[in-house]
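Below: the structure, in structure tokens.
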Amino acid sequence: MAILHKVQGLKYVSLAQTRMTGGKRQFAALAVVSLAMLGVAGCRQDMHDQPKMDPQRGSVIFADHRSARPQVPNTVARGIQDEDSYFYTGVVQGANGYKEEKDALPFPVTMTVLEKGQERFNIYCTPCHSRVGNGAGAIVMRGYKPAANLNDQVRRSQPLSHYFYVMSHGYGAMPDYSAQLTPDERWAVAAYIRALQLSQSEGTMKDVPSGTKVDTLKDIAAAKGEPASFAEPWDLPGPTAIQAYPPVASEGTPAMNKGYPADPEIKVPHTAAPATAKPAAGPGK
């Protein structure tokens, strides 16, 4: 005969059924504990407790008991090599305590340097400043903000390191080119800009070292097999939607871009103030 138990005073269940129910509960509890142990095992602290040295902490590994190790002799950390030198900054400490630009290069100028500067100038600078530096580059002619005319009196008076500094940090709408040009290439471009300014000015033979042979543009064109019109003045593009400010007489006008029209004068029509209506007379007035 099956042994019956009264459960909650309502039903009678067999002892076998009671043991079966208890077994299921034990199995469920064991499964929950097993899953919890698996979860704990998956949350190990290896990624949190890394074998590293905290800054300014002592250490028993090294003989000097310092966790921070001294710099290896005769090495320079990446990115901090002479960053305060004139070669990398283009400025020097002035007598007044402020940084100053200099009209000098940090290394001798050779024809190799000028050729490198010309190559880089034609790649990165001519889209805005054009091949002759007058600010009428191809993208300017297509609506970009007018670039600086490197041949006007203001830019001619700038020291050489000014161009290096602008290429390193940008200026106005011009972005910096420190990622495209290495420091020595930026200096080479600055040297070529000065040579370009001399080529676009009304220079004389006095500006050329004695004994130097000077070829005219016509001679160069003939030697390269170019037509005679190659040495003639080139017609600059006409005006675009973007217009530059008119030339300033005090800044000089050598090699100014003739393609730039003067800004149109904006005239605001005069509008008279509306007549104020007189208030209507009230009763008794």
FRET efficiency for Asp54 and Ala77, Cβ-Cβ distance as r, R0 = 30 Å, nearest 0.05? 0.90
Glu119, Glu202 arranged by Cβ crowding within 10 Å, fewest neighbours leading: Glu202, Glu119
Filter on Lys145/Lys206; Lys116/Lys206; Lys102/Lys224; Lys145/Lys218; Lys102/Lys218 - keep pairs with C-alpha separation over 29 Å: Lys145/Lys206; Lys102/Lys224; Lys145/Lys218; Lys102/Lys218
Could you tell me the relative contact order of the range 103-202? Use alpha-carbon pairs under 8 Å, at least six residues apart, and round to a whole percent. 34
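Where a number appears in this text, it was derived from the coordinates with a stated rule and is not lab data. Everything quoted here is computed from the prediction, not taken from an experiment. Every residue, glycine as well, gets a Cβ built from its backbone with ideal geometry; the counts of neighbours run over all protein chains shown.
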